[in-house]
Amino acid sequence: MSLQTPHPAGAPTSPHDRRLQEWSFDIAEKRIRVLIGENVHDQMAECLSGLGADRFIVVTDDNVADIAAGKLADLLEQTAPTLLLSHPPGEEHKNLTTLTRFVDLSLDFGVTRRSVVVAVGGGIPGNIAGVLAGLIFRGVRLVHVPTTVIAACDSVISAKQAVNTSHAKNMVGLYHTPEMILIDLAVVAMGSPRDLRSGTCETVKNALAIEPAQIPRLRRLLRRDADYSPADLGEIFDLSLAVKSRLLREDPYEKYSGLLLEYGHTIGHALELASAGHGPEEAALKHGEAVALGMVAAADVAHRLGLLDAEAVAVHEEMIGRVGVCRCLTVGIEAETVLHHIAFDNKRGYRRGDDNQVSMVLLDGIGSPLHPDDHYLTPVPYTDVAAAVHELLRLGRQCREGHGTS
Ligand SMILES: NC(=O)c1ccc[n+]([C@@H]2O[C@H](COP(=O)([O-])OP(=O)(O)OC[C@H]3O[C@@H](n4cnc5c(N)ncnc54)[C@H](O)[C@@H]3O)[C@@H](O)[C@H]2O)c1
Ligand SMILES: [Zn+2]
């Protein structure tokens with residue numbers, strides 16, 4: 001990452017700052033500008049005007065259309081004809097149907113190679129816009145305006161773009177890098193506490209697996225209630241960008257050391273899937289909550305294998321507690337369903353298949369991932385994974401009883 005003053009590494013963005021502060025980082029020799037501030041929609045529109053676009057295609061969801069994207073589209077209209085494409089919120093709309101509709105509407109609107117796709121929203125419209133921009137004329141310019149912590153700290157700092165199919169998440173996609181990332185921290189701070197927490201869990205993951213030097217700063221910053229100010233979110237963004245940009249420099253397509261970002265995801269993703277669609281909507285784990293619990297389970301797996309000591313396991317539990325995630329969130333999730341989803345984990349294919357083993361990122365110390373192959377994936381006996389999942393769910397039930405609720 002190359003930092004361009006006046007936003008020094010580690011400094012919080014000052015509250016009510018209406019200037020955009022600038023950073024940059026590289027993906028595969030392409031420099032990506034990051035402009036970040038608070039209450040800066042006019043300045044964002046000015047930056048976008050400077051791109052010389054003949055048309056703007058703004059991709060968003062129906063919630064963010066009201067919060068931010070509609071206003072930005074109105075401002076862009078003063079520079080070039082602007083089309084607002086909005087889909088209902090939710091993962092079930094991140095699919096080829098939405099994508100095809102958006103391609104047709106863009107072509108009807110007269111999109112050309114000089115046009116710019118602007119993604120305004122969370123990771124879902126961001127991914128749809130990323131694939132759209134990558135496909136039209138084999139690639140038109142893309143600008144990300146992330147409005148969730150997951151999008152700002154995780155999905156936009158990546159060239160990976162994908163949509164879901166009926167088989168699984170992120171099955172169809174491509175690599176396409178943005179020109180620019182524009183972040184209004186005041187808008188990001190409007191997210192629900194659970195969405196703010198979910199994004200922050202990924203930053204905790206980066207610290208535990210890759211950059212332990214960030215842990216003291218996170219201890220000061222994390223809030224169980226996820227009541228983060230825009231300035232706090234600016235700091236969380238700084239921490240995430242520092243880690244992700246370093247990995248992307250080494251591995252722009254996230255196939256080797258980039259897989260470290262998947263720490264906690266093997267069991268976490270399975271927990272997320274197993275919790276969805278049964279019972280009330282709030283019982284479904286958010287992605288980051290599931291990853292946090294997946295890291296606790298991964299630490300338990302490494303401990304069972306004699307790789308990770310009890311002290312390091314305790315650091316996992318402490319950090320997960322500080323971010324506000326509790327094992328009792330797993331109450332109601334069936335172990336068999338979790339294990340079924342683990343069997344279909346998407347990292348299968350990086351290693352030769354073996355039904356009795358699960359490929360996982362594991363640590364032998366905080367910030368010390370095991371490196372048995374180019375992909376940082378360790379083959380783990382299925383029985384150890386199953387034991388860790390059962391233990392996680394058992395402790396979740398015990399914890400819920402301790403809270404005195406059913
Ligand atoms: N490398 C990658 O491409 C990558 C990395 C991580 C995650 N992802 C993807 O990101 C998606 C999850 O992202 P997400 O959690 O941002 O989902 P999302 O886009 O659905 O946003 C979550 C919810 O927050 C709402 N919202 C957005 N901004 C808001 C704001 N400022 N205030 C209030 N509400 C707001 C949305 O309408 C939505 O209901 C997944 O599909 C995941 O696969 C991709
Ligand atoms: Zn994740």
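The values are calculated or read from the model by the stated rules, or taken from the named source; none is laboratory data. From a predicted model like this one, the values you see are computed outputs, not experimental measurements. Every residue, glycine among them, receives a Cβ derived from its backbone with ideal geometry; neighbour counts consider all protein chains shown. Calculation scope for accessible area: heavy atoms of the full protein, side chains included, ligands and nucleic acids excluded. Shrake-Rupley method; radii C 1.70, N 1.55, O 1.52, S 1.80 Å.
At an R0 of 30 angstrom, the distance between the Cβ atoms of THR165 and ARG113 translates into a FRET efficiency of 0.60. Protein heavy-atom surface of the chain, 1.4 angstrom probe: 51% of the accessible area is carbon and sulfur, with nucleic acids and ligands not counted.
Using just its DSSP H runs of length 4 or more, each adding -39500 (n - 2.57), the chain gives a mean residue ellipticity at 222 nm of -13000 deg cm²/dmol after division by all residues. Taking the C-alpha atoms only, the angle from helix 230-250 to the longest principal axis of the chain is near 80 degrees. Accessible surface computed residue by residue for the chain, with neighbouring protein chains in place and a 1.4 Å probe, gives 41 Å² per residue. With Cα atoms defining each centre, region 98-115 and region 76-91 are spaced 11 Å apart in the structure. Helix 310-323 and the longest principal axis of the C-alpha atoms of the chain enclose an angle of approximately 40°.
Proximity of backbone amide H atoms, modeled 1.01 Å from N, is registered between THR82 and PHE56 at under 5 Å, excluding neighbours fewer than 5 places apart on the same chain.
Computed on the Cα atoms alone, the convex hull of the chain gives a volume of 131 cubic angstrom per residue.
Across the chain, the longest piece that holds none of the GluC sites (Glu not before Pro) lying in DSSP loops with up to 14 other C-beta atoms within 10 Å covers 30-333. Rounded to the nearest 10 degrees, the inclination of helix 382-403 to the longest alpha-carbon principal axis of the chain is 90 degrees. Against the empirical curve 2.2 N^0.38 Å, the C-alpha radius of gyration of region 262-403 lands at a ratio of 0.99. Measuring against 29 Å, Cα to Cα, the residue pairs LYS94/LYS244; LYS30/LYS286; LYS71/LYS169; LYS160/LYS286 contain LYS30/LYS286; LYS71/LYS169 as the ones spanning a longer distance.
A quarter of the convex hull surface defined by the alpha-carbon atoms of region 42-140 gives 5.5 nm² as the mean projection. Build a GNM of the chain with springs between Cα atoms under 10 Å apart, and of GLY130, GLY306, GLY321 the one that fluctuates most is GLY306.
For the chain, modelled as a GNM whose springs connect Cα atoms under 10 angstrom apart, the maximal fluctuation among HIS167, HIS144, HIS265 occurs at HIS167.
So between ASP104 and SER24, what do we pick up on full extension, going 0.36 nm a residue minus the alpha carbon distance?
25.5 nm
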